[in-house]
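Notes for the one structure printed next.
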Amino acid sequence: MERKALNSLGYMELAAFFVFGTFLLGLYYDIVWLQWVTAILFILPMAGVLRYPSRCKERQEPFVKARFAWSLITMFLYLGMGFGLLTIL
């Protein structure tokens with residue numbers, strides 16, 4: 001079985017990391033428009049992670065609870081770090 005749903009979860013985690021890194025660049029160089037764009041674009045990987053359970057049902061694949069929990073934890077850690085950096089700076 002190909003496990004496409006699990007692969008898509010990995011891609012969403014990678015996209016979230018890239019968007020968060022770009023957000024950090026916007027903070028470092030004080031580029032306000034880049035901060036806004038990346039904050040809005042962070043919604044897409046978050047939505048992709050939250051769609052993982054329904055993708056598993058659509059594709060009749062096993063639901064990996066640990067991987068889903070880890071994805072949610074990292075997403076909220078990114079949000080917390082971003083909010084913390086904005087309040088510090």
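Legend: P(r) of the range 27-68 from all alpha carbon pair distances, 10 Å bins from 0, whole percents, reading 24, 34, 21, 17, 4. Length available on full extension from residue 25 to residue 59: 0.36 nm per residue minus the Cα-Cα distance, which gives 8.5 nm. Here the relative contact order of the chain, from alpha carbon pairs under 8 Å that lie six or more residues apart, stands at 38 percent. Karplus-based coupling profile of the range 81-87, in residue order and whole Hz: 5, x, 5, x, 5, 5, 6, with θ = phi - 60° in 6.51 cos²θ - 1.76 cosθ + 1.60 and x standing for Gly or Pro. Residue 50 contributes an accessible area of around 100 Å² to the protein surface, as traced by a 1.4 Å probe with all chains present. Looking at the range 1-88, the accessible area is 68 square angstrom per residue; that uses a 1.4 Å probe and ignores ligands, DNA and RNA.
Summing Lys, Arg as +1 and Asp, Glu as -1, what charge do residues with Cβ under 12 Å from the Cβ of residue 64 carry, residue 64 excluded? With Lys, Arg at +1 and Asp, Glu at -1, the net is +3.
Per 0.36 nm of contour for each residue apart, how much would the distance between residue 18 and residue 87 grow if the chain were fully extended, relative to their Cα-Cα spacing? Before the final figure, lay out the partial values.
Numbers: separation 69, 0.36 × 69 = 24.84 nm, distance 2.14 nm.
Additional length available on full extension: 22.7 nm.
For the chain, the equivalent ellipsoid derived from the Cα gyration tensor has semi-axes of 29, 12, 9 Å, listed largest first.
The values are calculated or read from the model by the stated rules, or taken from the named source; none is laboratory data. Given the structure is predicted, the values throughout are model-derived calculations rather than measurements. Every residue, glycine as well, gets a Cβ built from its backbone with ideal geometry; the counts of neighbours run over all protein chains shown. All accessible areas refer to the heavy atoms of the entire protein, side chains included, with ligands and DNA or RNA removed. Shrake-Rupley method; radii C 1.70, N 1.55, O 1.52, S 1.80 Å.
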